[in-house]
Amino acid sequence: MGSLANPRCAERLSDYKVPETVSLRMTPPPRNANGKVLKAALRESKT
């Protein structure tokens, strides 16, 4: 997926906005009680 997404992003976005990597998750991201994504938990699960 990453190999398809980067050229498409590169033609539509500025250079500094093009992501270096794209990763897909099979499970939904962890969220708090208000429905916001828990970024710290995402970083921990990535390693």
As I understand it, the value is the acute angle between the Cα axis of helix 2-12 and the longest principal axis of the Cα atoms of the chain; what does it come to in degrees, rounded to 10?
60
Using a Förster radius of 25 Å, what is the FRET efficiency between Arg8 and Ala33 based on their Cβ-Cβ separation? Nearest 0.05, please.
0.10
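Stokes-Einstein diffusion coefficient for the chain at 4 °C in a medium of 1.567 mPa s, Rh from the Kirkwood formula over Cα pairs: what value in µm²/s? Before the final figure, lay out each step's value.
Numbers: Rh = 12.6 Å.
Translational diffusion coefficient: 102 µm²/s.
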Using 0.36 nm times the number of residues separating Ser45 and Thr21, minus their current alpha carbon distance, what extension gain do you get?
7.0 nm
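For the chain, what is the charge dipole size about the Cα centre, in debye to the nearest 20, if Lys and Arg each add +1 at the Cβ and Asp and Glu each add -1 at the Cβ? Let's see the in-between values first.
Values: 9 positive and 4 negative charges, 51 e Å.
Dipole size: approximately 240 debye.
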Normalised by the number of residues in the chain, what is the relative contact order in percent for Cα pairs under 8 Å and 6+ residues apart?
26
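Every number in this text was worked out from the coordinates using simple rules, so none of it is lab data. As the structure is a computational prediction, the values presented were derived from the model and not from experiment. Ideal geometry is used to build each Cβ from the backbone, glycine not excepted, and the neighbour counts take in all protein chains shown.
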